[in-house]
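First the structure, in the form of structure tokens, and then the observations on it.
Rule-based calculations on the coordinates, nothing more; no lab input. Computed from a predicted model, the values in this text were never measured in an experiment. No Cβ is skipped: glycine too gets one built from the backbone with ideal geometry, and neighbour counts run over all protein chains shown.
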Amino acid sequence: LLFEVRYSDLAGRIGKITTPSGTFETPAFIPVIHPVSQSVDINFFKKLGFEAVITNAYITLKQCGDLAREKGIHKIINFDGPIMTDSGGYQVLEYGSIEPEPSYIAQFENDIKSDICVPLDKPTGYGLRYDVAERYVNETIKNSQETLNLIKSNNDRNSVWVGPVQGAEHLDLVKRSAGQLDEMGYDMLALGSPVQLLESYEFAILADMIAALKSKVMSKPLHLFGAGHPLTIPLAVALGCDTFDSASYILYARDNRYMHANGTSRLDKLSYLACQCPICINMTVKEFIQLEYKERIDKLAKHNLYVLRGEVLSVKQAIMEGRLWEYVGQKARAHPKLMEAFKLFLNYKYLEDGTPVFKKKAIFFMETIDQYRPEASRIRKIFDSFRTNKKKIILFPDTQVSPFYSSHEYHKLSSKFSDYQICAYNPFIGIIPAEISDIYPAAHNLISKRKLNVNSAKDYPTFVSSFEKFLSHSYFDDVIVVADEFMQGIVHQTNLEFKNLRIIEYSDDVIEQI
Ligand SMILES: [Zn+2]
């Protein structure tokens, strides 16, 4: 089995990818290694738990050629774990042309015993006119078909072949190429090449690209090219990327950029090294800056790798705890452009598929975006389908005691209004019939209630819709709404046409007063 998923949250997956040189856990950051002149000692990657590395087949061909065919890529770079090879498509993007034929590169990747191989693609980058991007996509598809024809006849090693999805911001091209590569039989897909997008922090476009791809191909493992920024990783994982590669650790180091959980800073602009890695713990900023050039780059690259390692582990831990939504939300506060992307999550219905139906921990509702989290959308559907024969209904604010039917308030209501349908309401999940108020997450959420009534109806469209649907499903000839501040905002901005509608302001002894 190529890909085994153990846990998931949103579209993020803890899984295992199997290759001829062993398995590795996902989500995985796959560091880019130069085949010949490695700037960081290869053993360092292993020591940090990076189980797979990626190198460039085109550069290997140019610099090692027959030697690589003879010894194999593992001996060339001195790494015995899974090795992924990029075909050289990125060199096409950088230099505009490349000599070898797709089948020649594919044969070479096969000959050097690469474990995860990418056919020669033509990266669309970002900002290309539609017709040009389309030509690139078609060329990549053609190369991928040729490659597959060749590989089918001689893939005796069972290497993993990865279909390169191009199209950039032209989402229909992304969808089409993903669909075609999937049908051709590629085991895994890779989304290219967002480097330019990410350099300008266009996280929202990246998010839409990943979602477009996922709308076509959900379950196969997905690689994201060129993603090695601490803010990109949680976003990409949450949307369904299982592996991602980057040379950012060394490129940033050469540019004196020091990574931290929320981005990067110039080393010379820092006052403190707020990092607990073995490099930083032994140095001050001044000492770091004063290191001799080569040593400084080496140490900065290593520090950057520690940060990337920490980021991947934090994301994995968030998946295990069912807290990936909260984690991405926290990260989103580090940059407005990431917040922009996070707010698009409301459009991505597929995030529900990977989100567990039950979680061990209560979920947090803090801001309006949280009404769209998969757990909330899911339970609203259940509430929407609830039907009652009762002709009277009373709506009451959700209580601190969960589930609602075990609260003191519910007991008082049910003895006083025994022929009423009793419901609680919660701004984030809608109208909660008392009978099913123990369904996850109706009884398993914590909400921040203060100042929720800013503009209830406008800010909580899911609530308005849940409220209207609920009242219109059954025929009620008596409606009592015990309205807290939030509900007052809702009822004043909603058209309720009931003969007997009573809106009663909430107070501590309201039940006695009705
Ligand atoms: Zn450090």
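Values computed for the structure shown
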quantity	calculated
Selected from GLY329, PRO356, TYR293, residue furthest toward positive end of dipole (region 254-402; charges at beta carbon)	PRO356
Extreme residue, positive dipole direction of the chain, given options VAL510, ALA261, LEU305 (C-beta unit charges)	VAL510
Formal net charge of residues neighbouring GLY310 (Cβ-Cβ distance under 15 Å; K, R +1; D, E -1)	+4
Per-pair calculated FRET efficiency, R0 = 41 Å: ALA457 and GLU199 via Cβ, rounded to 0.05	0.55
Cysteines (scope the chain) whose Cβ has no counterpart Cys Cβ under 4.7 Å	CYS64, CYS117, CYS241, CYS277, CYS423
Projected label distance in nm at GLU435 and LYS360, using a 7 Å step from Cα toward the beta-carbon	3.4
Square roots of five times the Cα gyration tensor eigenvalues for region 295-394, Å	39, 15, 10
Sorted by Cβ density within 10 Å, fewest first, the residues ASP509, ASP242	ASP509, ASP242
Distance between region 18-41 and region 311-341 - C-alpha centres, whole angstrom	24
Mean projected area (nm²) of the alpha-carbon convex hull when region 413-514 is viewed from all directions	6.8
Size-normalised alpha-carbon gyration radius of region 1-157, reference 2.2 N^0.38 Å	1.09
Which listed pairs, of LYS220/LYS458; LYS216/LYS343; LYS71/LYS214; LYS360/LYS391; LYS16/LYS381; LYS343/LYS499, have C-alpha distances above 30 Å, in listed order	LYS220/LYS458; LYS71/LYS214; LYS360/LYS391; LYS16/LYS381; LYS343/LYS499
Fully extended contour minus Cα-Cα distance, from SER418 to ASN256, at 0.36 nm per residue	51.2 nm
Cα-based shape type of region 163-303, given that a ≥ b ≥ c are square roots of the gyration tensor eigenvalues and the cut on a/c is 1.5	prolate
Calculated FRET efficiency for the pair GLU497/ASP131, C-beta based, R₀ 51 Å, to 0.05	0.45
Rounded to the nearest 20 debye, dipole of region 182-230 from Cβ charges on Lys, Arg, Asp, Glu	120
Whole-Å distance, taken between Cα centres, linking region 384-419 and region 441-514	13
Cα-centre dipole for the chain with unit charges at Cβ (Lys and Arg positive, Asp and Glu negative), debye to 20	580
Region 251-265 versus region 119-145: alpha-carbon centroid distance in Å	31
Positive dipole terminus of the chain, leading residue within THR284, VAL36, ILE141 (C-beta point charges)	THR284
Region 258-334, dipole about Cα centre (Lys/Arg Cβ +1, Asp/Glu Cβ -1), debye to the nearest 20	120
Cα-based helix-to-principal-axis angle, 203-216 vs the chain, degrees rounded to 10	90
Translational diffusion of region 139-237, µm² s⁻¹ [Kirkwood Rh, Cα pairs; Stokes-Einstein; 25 °C; 0.890 mPa s]	176
Neighbour net charge for PHE225 - beta-carbon separation under 11 angstrom, K R +1, D E -1	-3
Residue-count net charge about GLU70 - beta-carbon cut-off 12 Å; Lys, Arg +1, Asp, Glu -1	+2
Likely footprinting exposure, VAL162, VAL401, VAL510, fewest C-beta neighbours within 10 Å first	VAL401, VAL510, VAL162
Normalised contact order of the chain, rounded percent, pairs of Cα under 8 Å and 6 or more residues apart	12
Whole-number Å³ per residue for the convex hull built on Cα positions in the chain	167
Pairwise FRET efficiency - SER215 versus LYS392, Cβ, R0 = 45 Å, nearest 0.05	0.55
Two-site label geometry, GLN400 and LYS142: point separation in nm, points 7 Å out along Cα→Cβ	7.0
Reachable lysines, given that their alpha-carbon falls under 19 Å from the alpha-carbon of LYS294 and they are not under 8 places away in the same chain	LYS286, LYS302
Semi-axis lengths, Å, region 29-73, gyration tensor of Cα atoms, sqrt of 5 times eigenvalues	21, 10, 9
Residue order, fewest to most surrounding Cβ atoms within 10 angstrom, among ASP245, ASP182, ASP268	ASP268, ASP182, ASP245
For region 66-200: span of alpha carbons on each principal axis (Å, largest first)	43, 31, 26
